[in-house]
Amino acid sequence: MKPIHQTGSRPALSSEPSIHKSSHILNSFAGEWTSIGPNNKLIESRIGDYTYTMDDVTINYAEVGKFTSIASHVCINPVDHPMDRVTQHHMTYRRASYGFAETNDEDIFNWRRNNRVTIGHDVWIGHGAIIMKGVHVGTGAVIGSGAIVTKDIEPYTVVVGVPAKPIKKRFSQDVIDSLLKIAWWEWPRDLLEERFYELNDIAGFIKKYG
C-alpha cells in the first residue's frame with residue numbers, strides 16, 4: 001500500500017495509483033493499478049489493488065479489498081452525529097472551529113475510526129448506494145443502485161433496496177466455496193496475465209484451479 005495524493009487528471013493506469021486532481025484525500029492508502037475518480041473524498045481508508053471509483057464517491061474509515069468496482073455517488077461509512085447530546089450539531093465536537101475550546105473532542109473522531117466498514121474483493125457497488133457504519137461486505141457481493149446497506153452481506157450475494165436485503169446468490173454454494181478457496185485475487189500480476197482469458201469461463205476455471 002502506498003500513500004495517495006492528487007496527481008492530476010486520470011492517466012493510463014499503471015502500478016502507481018491514479019488519483020483525479022479534483023479529489024480530496026486524507027491519510028489514505030491505495031494498492032497497485034487503482035483509480036480514484038473525480039470529486040472523490042477519502043478519509044483514513046485503504047484501497048486494494050485494481051479497485052476503482054467513479055465520480056463523487058465518499059469513503060470514510062474503510063478497508064476496501066482488491067478488484068472492487070465502485071460506481072458514482074456511492075457513500076461508504078457516512079459519518080454519524082452524537083444523538084445523545086442536547087444538540088447534534090458538530091460544534092460540540094468541532095468546538096475549536098467555533099471558538100468554544102482550544103481543542104476538538106477527539107472521542108467522537110475515535111469512535112468513528114473504531115467503526116470501520118470492511119469490503120471484500122471483487123465487490124460491485126452500484127450507483128448511489130450507501131454502506132453504513134461497521135458493515136462487512138463479503139467478497140464477490142453485488143450492491144444494487146440506491147441500496148442502503150445496514151447489515152453484513154455474505155460473499156457472492158446480491159442485495160437491493162432500502163434497507164438492503166438479499167435477493168439471490170450469484171452462484172451455487174459449491175461454486176462460491178471453490179472461488180473463495182482459489183482466491184484468484186491474491187494471484188501476482190504475472191499469474192493474472194498468464195491466466196487472464198480463463199477468467200471468462202467460470203466452469204473451466206473452477207475445474208482447473210478449484
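Before moving on, here are some points about what is shown:
- Residue 125 vs. criteria hydrophobic (A, V, I, L, M, F, W, C) and within 30 Å of residue 187 (Cα to Cα): yes
- Within the stretch 124-163, the set of residues being in contact with a Ser or Thr (Cβ under 8 Å, 6 or more places away or on another chain), buried (at least 22 other Cβ atoms within 10 Å of the Cβ) and free of Cβ contacts under 8 Å to residues at least 24 places away in the same chain comprises 137, 141, 156.
- Residue 41 meets each of the listed conditions (1) open to solvent by less than 60 Å² (accessible area, probe 1.4 Å); (2) on the phi < 0 side of the Ramachandran plot apart from (1).
- Across the stretch 101-121, a minimum of one residue is classified as within 30 Å of residue 186 (Cβ to Cβ), open to solvent by less than 30 Å² (accessible area, probe 1.4 Å) and in a loop (DSSP other than H, G, I, E, B).
- Selected residue (only one of 97, 178 is in the same structural domain as residue 203 (by the TED database) and either modelled with pLDDT of 95 or more or in a loop (DSSP other than H, G, I, E, B) (or both)): 178
- The stretch 13-38, residues that are surrounded by 19 or more Cβ atoms within 10 Å (Cβ to Cβ), of a type in the set (A, V, I, L, M, F, W, C) and farther than 13 Å from residue 66 by Cα: 19, 25, 36
- Search result, residues across the stretch 164-183 that are surrounded by 14 or more Cβ atoms within 10 Å (Cβ to Cβ) and more than 23 Å from residue 73 (Cβ to Cβ): 169, 170, 171, 175, 176, 177, 178, 179, 180, 182
- Screening residue 131 with (1) within 22 Å of residue 49 (Cα to Cα); (2) outside the structural domain of residue 52 (by the TED database) gives one miss only, at (2).
- So residue 153, is it farther than 15 Å from residue 67 by Cβ, in contact with a strand residue (DSSP E or B) (Cβ under 7 Å, 6 or more places away or on another chain) and either among the hydrophobic types (A, V, I, L, M, F, W, C) or assigned by the TED database to the domain that holds residue 48 (or both): yes
- Members of the stretch 66-75 found to be open to solvent by less than 10 Å² (accessible area, probe 1.4 Å) and either closer than 25 Å to residue 184 by Cα or in contact with a helix residue (DSSP H, G or I) (Cβ under 7 Å, 6 or more places away or on another chain) (or both), listed by number: 68, 70
- Test: residue in the stretch 145-166 that is closer than 20 Å to residue 51 by Cα and touching a Leu at 6+ places or on another chain (Cβ under 9 Å): yes
The values are calculated or read from the model by the stated rules, or taken from the named source; none is laboratory data. Owing to the predicted nature of the structure, the values given are computational and were not obtained by experimental measurement. Here the Cβ is made from the backbone with ideal geometry for all residues, glycine too, and neighbour counts use every protein chain on show. With ligands, DNA and RNA removed, areas are computed over all heavy atoms of the protein, side chains included. Shrake-Rupley method; radii C 1.70, N 1.55, O 1.52, S 1.80 Å.
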